[in-house]
Amino acid sequence: MSELQTQLPTDTWIYTCWDEYEQIVTNLLNEKGKSYYYKGHMRLEMPPVSFDHGKDHVVIIFAVTLFATLKGILATGLDTTTFRKIGVHDCQPDVAYYLKERAQTIPTGTGIVNLDRYPAPDLVIEIAKTSLLDDLGTKRSLYEDMGVAEYWVVDVQNAQIIAYAMADQGSKRIRESQVLPGLAIAILEEALHLSRQMSQSEVGTWLLSQFQQNED
């Protein structure tokens, strides 16, 4: 365990000013971890990533990208990318997507995505193995304030997806994506269940058949 990990609590929100947070995050460059900042508090997530978490992460990215490809929806997906509004908030969601006319908003060569310059992603997804309550609570408020259009939390333990549409600094539960019209959350949940029983390539074949059946 690194010296930094022994000094700072992880998986909890702690009061920190922005300048202190920036210094801490700079020191984390060589660490494998995620960092969040919201309403004067920071959160570090540095536990090992479990097999189940990693597997669901891949299944969800594949499913969303496959659906967008088949439906002709422009999409750019991002894996554990930092989005920052200096002095206000900072986050590293597990998955994020820019869709349709925003798919090529962020130019190649960009490091941290500066939210003072670029829009928030259309879709943000957190894969929750040990952080479920926080992902459903504080992080959901963070993404509401950022202006994310849609937010999903993948409950790894139960192979469920809690999806929200964001509007007017609020959120409501949905069972079909609004940013990816026609994508039923139930199909994604079934894919997660199937991934417990078969390989990801077999799940991909099943998803392909489902998406093709539902074409207009």
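The values are calculated or read from the model by the stated rules, or taken from the named source; none is laboratory data. Remember, predicted model here, so these are calculated numbers, not experimental data. Using ideal geometry, Cβ is built from the backbone for each residue, glycine included, and neighbour counts are taken over all protein chains shown. Surface accessibility is based on the protein's heavy atoms, side chains included, excluding ligands, DNA and RNA. Shrake-Rupley method; radii C 1.70, N 1.55, O 1.52, S 1.80 Å.
Protein-only accessible surface at a 1.4 angstrom probe places the residues Arg196, Arg84, Arg173, Arg117 in the order Arg117, Arg173, Arg196, Arg84, largest first.
Here Leu183 sits with roughly 0 square angstrom of accessible surface, probe radius 1.4 Å. Largest accessible area first, the residues Asp134, Asp52, Asp90 order themselves as Asp52, Asp134, Asp90 under a 1.4 Å probe with ligands, DNA and RNA left out. With contributions of -39500 (n - 2.57) from each DSSP H run of at least four residues, the per-residue ellipticity at 222 nm computed over the chain stands at -10500 deg cm²/dmol.
For segment 90-148, GluC sites (Glu not before Pro) meeting the loop criterion (DSSP other than H, G, I, E, B) and having at most 11 other Cβ atoms within 10 Å: none. Accessible area per residue for the chain is 50 Å², calculated with a 1.4 Å probe on protein heavy atoms, without ligands, DNA or RNA. Taking all protein chains as they are arranged and a probe of 1.4 Å, the heavy atoms of Met198 leave approximately 70 Å² accessible to solvent. Could you tell me which of the pairs Lys34/Lys100; Lys55/Lys100; Lys85/Lys139; Lys34/Lys85; Lys34/Lys55 are separated by over 24 angstrom between their Cα atoms in the structure shown? With Cα atoms farther than 24 Å apart: Lys34/Lys100; Lys55/Lys100. What part of the accessible area of the chain, given as a whole %, is carbon or sulfur when the probe is 1.4 angstrom? Whole-percent figure for carbon plus sulfur exposure: 49.
For the chain, the spherically averaged projection of the C-alpha convex hull amounts to 12.3 nm². How would you classify segment 136-180 from its alpha-carbon gyration tensor, with a ≥ b ≥ c the square roots of the eigenvalues: rounded for a/c under 1.5, else prolate if a/b is greater than b/c, otherwise oblate? Oblate.
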